[in-house]
Amino acid sequence: MTSQEADQQGPIVLILGAPGAGKGTQAKNISKALSIPAISTGAIFRQNMADGTELGNRAKAYMDAGEFVPDAVTNPMVKARLEAPDAQNGFLLDGYPRTIDQAYYLRDALAETGRDFDLVLEVSVDFDEVVERLLKRAEVEGRSDDTEPVIRHRLEVYHEQTEPMVTYYADQDKLVQIDGLGTVDEVWDRIYKVLDEHNLLPQN
Ligand code: AMP
């Protein structure tokens, strides 16, 4: 399939970043600008935990420890979400994939329907900066995985498991790194420019 044919199905964008890099906020901006749903695996897990579903109960211990929820749970959940009607004209994935195995799984799941993604954005920030941001978020949102030891562990997990995956995307020339330092608006301006340069913004 040519990239033009893929474009006709709407943009598919991935956003990655260490915990606290601000990707959730920017995901909302991207979703609005491109008129595509933002699909966040973390948000789906949190919603399931709040609703007390079996999926939520299975995810909780991993999330509270700052560990990844196993692929056997996460991968089929993402696949089912991508089959929903609102994801047929493009979507933004926030927080998935996070490991090279998930990246392969996603590649194969998209290939089954003749799709591929257009762009991977990685929002990068310095580790000390994110620890501070997350401790502030803990005060506001009260997330159970925003305690300092768990935050540090999530950052280590990102470094060990997600950074190697970022290289996989860089090798395919699909990766654009965004400096995540600064205000939400400053970071958004950088992202907007990249979306524009990749012709992903809706015409007119
Ligand atoms: P996030 O909201 O993206 O920071 O994710 C919060 C937590 O949800 C993570 O620390 C993991 O426990 C879990 N989680 C989110 N996305 C994934 C994923 N792609 N694979 C495994 N676990 C995930």
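At a glance:
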| quantity | calculated |
| --- | --- |
| The chain: calculated mean residue ellipticity at 222 nm from DSSP helix runs of at least 4, using -39500 (n - 2.57) | -17000 deg cm²/dmol |
| Tensor-based shape of the stretch 123-195 (alpha-carbon gyration tensor, a/c under 1.5 rounded, otherwise prolate or oblate) | oblate |
| For I39, residues with placed amide H under 5 Å, excluding near neighbours | L92, L93, D94 |
| Amide H partners (placed H, <5 Å) of I178, local residues excluded | E122, V123, S124 |
| Karplus-derived HN-Hα couplings along the stretch 135-140 (A = 6.51, B = -1.76, C = 1.60, θ = phi - 60°), whole Hz, x at Gly and Pro | 5, 5, 4, 4, 5, 7 |
| Shape category assigned to the stretch 48-204 from the gyration tensor of Cα positions, a/c cut at 1.5 | oblate |
| For H159, solvent-accessible area (1.4 Å; no DNA, RNA or ligand), Å² | 100 |
| Over the chain, relative contact order from alpha-carbon pairs under 8 Å, at least 6 apart, % | 32 |
| Solvent-accessible area per residue for the chain (1.4 angstrom probe, square angstrom) | 52 |
| Tail weight of P(r) past 25 Å, computed on alpha-carbon pairs of the stretch 1-102, percent | 21 |
| Chain lengthening between K136 and H198 when straightened (0.36 nm per residue, less Cα-Cα) | 18.9 nm |
| Portion, in percent, of the accessible area of the chain that falls on carbon or sulfur, probe 1.4 Å | 49 |
| Spin-label zone in the stretch 28-49 - amide nitrogen under 15 Å from a point set 7 Å from the Cα of A65 along the C-beta vector | none |
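The values are calculated or read from the model by the stated rules, or taken from the named source; none is laboratory data. What you see is a predicted model; the values in this text were computed from it and never measured. Cβ sites come from the backbone with ideal geometry, for glycine too, and all protein chains shown count toward neighbours. What goes into the accessible areas is simple: the full protein's heavy atoms, side chains included, and nothing from ligands, DNA or RNA. Shrake-Rupley method; radii C 1.70, N 1.55, O 1.52, S 1.80 Å.
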